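Following: one structure in structure tokens, then a few remarks.
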Amino acid sequence: MSIEVKNITKFYKDQKALDNVSFSIKKGEIVGFLGPNGAGKSTMMKIITGFITSSKGEVLVCDFNIKTKKINAQRQIGYLPEHNPHYLEMYVKEYLLFNASIYKIAKIEVDEIITKVGLTPESHKKIKQLSKGYRQRVGLAAALLHNPDVLILDEPTTGLDPNQLIEIRSLIKEIGKNKTVLFSTHIMQEVDAICDRVILINKGQIIADENLIELKKNQEQVIEVEFDYKIEKQFVETIPNLKSAENIYDTSWLLVFNTTKDMRPAVFDFAHDQGLKTLKLNTKNKNLESLFRELIPN
Ligand code: ADP
């Protein structure tokens with residue numbers, strides 16, 4: 001396992017920020033750590049990376065205990081903290097060379113990383129002159145310098161514009177081909193775009209840990225349909241695979257099916273058999289975001 005989190009509890013004074021959290025991440029997985037603000041994501045990441053200690057439980061990174069073998073564990077970790085703090089007056093390359101000197105890494109490797117994260121055109125600028133997207137690249141480059149096996153990225157796309165977002169997402173996906181990645185976000189689409197797996201956290205507790213393909217499979221299918229005449233619910237309920245039917249107004253219905261098979265033909269057939277005409281039919285498939293909302297109600 002690349003990361004093993006066992007029964008982690010964290011108190012900030014009296015407040016329990018993490019409550020008996022356990023999960024493990026295999027080598028090579030890209031895992032989205034998803035939850036609303038205040039769920040405990042940053043706290044968990046700070047504990048995994050050894051920046052703060054847990055109140056109870058243990059964390060192993062590449063089999064090294066983060067409390068008792070901290071340096072060995074941290075050698076395996078590249079960490080991009082939330083808000084990505086930088087020395088703004090430093091030049092990009094100067095900053096990365098400075099970091100590299102701490103790790104005793106050769107200049108040539110710094111050049112390689114600059115190319116890898118797409119920083120070449122901006123590498124002569126001061127960090128304060130860079131856009132947020134390029135600042136994130138600098139943070140990613142710094143996290144990658146010592147070629148760690150495990151990347152911990154805390155909300156790496158927050159505050160990026162749509163283009164930067166796409167670029168950073170694809171960069172993470174590319175980097176994730178050879179590394180284990182745990183990255184946090186409160187945006188479901190992000191997990192959908194990048195990850196193999198999602199760990200959902202709310203109020204300090206893990207509430208779902210799912211393979212994304214499985215998660216998508218388990219989704220319901222929602223169809224909104226309008227017929228030309230009113231019909232009794234008991235007839236509508238004869239449509240196969242129906243989980244629920246709601247008469248939203250007059251001749252319109254919201255039908256929820258417990259299958260991923262396309263049920264539109266069945267709805268058309270039903271209307272035909274009942275001597276009705278179908279005036280409108282929309283699929284309103286639940287996306288991962290609505291599932292997220294369902295699991296994490298406000
Ligand atoms: P997330 O990253 O999911 O937004 P955090 O881990 O930052 O969540 O926060 C979890 C909870 O712990 C929140 O209620 C937050 O206010 C609290 N918290 C985080 N850091 C501290 C701290 N240093 N001192 C006290 N409370 C904290």
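On the given criteria, is Pro148 under 20 Å from Lys46 (Cα atoms), at pLDDT 90 or above, over 14 Å from the mean Cα position of the chain (by Cα) and outside any strand (DSSP E or B)?
Yes: the conditions hold for Pro148.
Exactly one of (1) outside the structural domain of Leu34 (by TED's automatic domain parsing); (2) touching a helix residue (DSSP H, G or I) at 6+ places or on another chain (Cβ under 9 Å) is unmet by Val267. Its number?
(2)
Yes or no: segment 88-105 includes at least one residue that is within 16 Å of the ligand (Cβ to nearest atom) and within 18 Å of Lys179 (Cβ to Cβ).
no
So how many residues does segment 233-265 have that are closer than 18 Å to Leu279 by Cβ and without any contact (Cβ under 8 Å) to a residue 40 or more places away in the chain?
Total satisfying the criteria: 15.
Among the numbered conditions (1) of a type in the set (D, E, K, R); (2) modelled with pLDDT under 95; (3) in contact with a helix residue (DSSP H, G or I) (Cβ under 6 Å, 6 or more places away or on another chain); (4) crowded, with 18+ Cβ neighbours inside 10 Å, tell me where Glu29 comes up short.
Against the list (1) of a type in the set (D, E, K, R); (2) modelled with pLDDT under 95; (3) in contact with a helix residue (DSSP H, G or I) (Cβ under 6 Å, 6 or more places away or on another chain); (4) crowded, with 18+ Cβ neighbours inside 10 Å, Glu29 comes up short only on (3).
Sort out which residues of segment 270-282 are touching a helix residue (DSSP H, G or I) at 6+ places or on another chain (Cβ under 9 Å) and farther than 14 Å from Ile223 by Cβ, and write them in order of number.
Gln274, Leu276, Lys277
Output yes when any residue across segment 198-206 is among the polar types (S, T, N, Q) and more than 25 Å from Glu4 (Cα to Cα), and no when none is.
For segment 198-206, residues among the polar types (S, T, N, Q) and more than 25 Å from Glu4 (Cα to Cα): absent.
With a cut-off of at least 2 residues that are touching a Pro at 6+ places or on another chain (Cβ under 7 Å) and assigned by TED's automatic domain parsing to the domain that holds Gly50, name the strands (runs of 3 or more DSSP E) lying wholly within segment 152-258.
In segment 152-258, no matching strands (runs of 3 or more DSSP E) lie anywhere.
Here is a list: Glu214, Glu190, Glu174, Glu220. Which entry is buried (at least 16 other Cβ atoms within 10 Å of the Cβ) and over 28 Å from Thr9 (Cα atoms)?
Of Glu214, Glu190, Glu174, Glu220, the one residue that is buried (at least 16 other Cβ atoms within 10 Å of the Cβ) and over 28 Å from Thr9 (Cα atoms) is Glu220.
Among residues belonging to segment 40-68 that are within 12 Å of the ligand (Cβ to nearest atom) and basic (Lys, Arg), point out the one that is nearest to Ala143 (Cα to Cα).
Lys46
Quick check on Gln136: is it in a helix (DSSP H, G or I), free of Cβ contacts under 8 Å to residues at least 40 places away in the same chain and farther than 22 Å from Gly50 by Cβ?
Considered against the rule, which asks whether it is in a helix (DSSP H, G or I), free of Cβ contacts under 8 Å to residues at least 40 places away in the same chain and farther than 22 Å from Gly50 by Cβ, Gln136 comes out as no.
Looking for something at pLDDT 95 or above and surrounded by fewer than 23 Cβ atoms within 10 Å (Cβ to Cβ) - is there at least one such residue anywhere in segment 34-41?
no
Looking only at segment 146-164, count how many residues are surrounded by fewer than 19 Cβ atoms within 10 Å (Cβ to Cβ) and of a type in the set (A, V, I, L, M).
Looking only at that region, the number is 1.
Find the residue count for segment 1-39, including only residues that are away from the ligand (no atom under 16 Å from the Cβ) and in contact (Cβ under 8 Å) with a residue 60 or more places away in the chain.
Going through segment 1-39 one residue at a time, the tally reaches 10.
Going through segment 194-219 one residue at a time, which ones are away from the ligand (no atom under 14 Å from the Cβ), aliphatic (A, V, I, L, M) and modelled with pLDDT of 85 or more?
Ile194, Val198, Ala208
The values are calculated or read from the model by the stated rules, or taken from the named source; none is laboratory data. All values reported here derive from a predicted model rather than from experimental measurement. Using ideal geometry, Cβ is built from the backbone for each residue, glycine included, and neighbour counts are taken over all protein chains shown.
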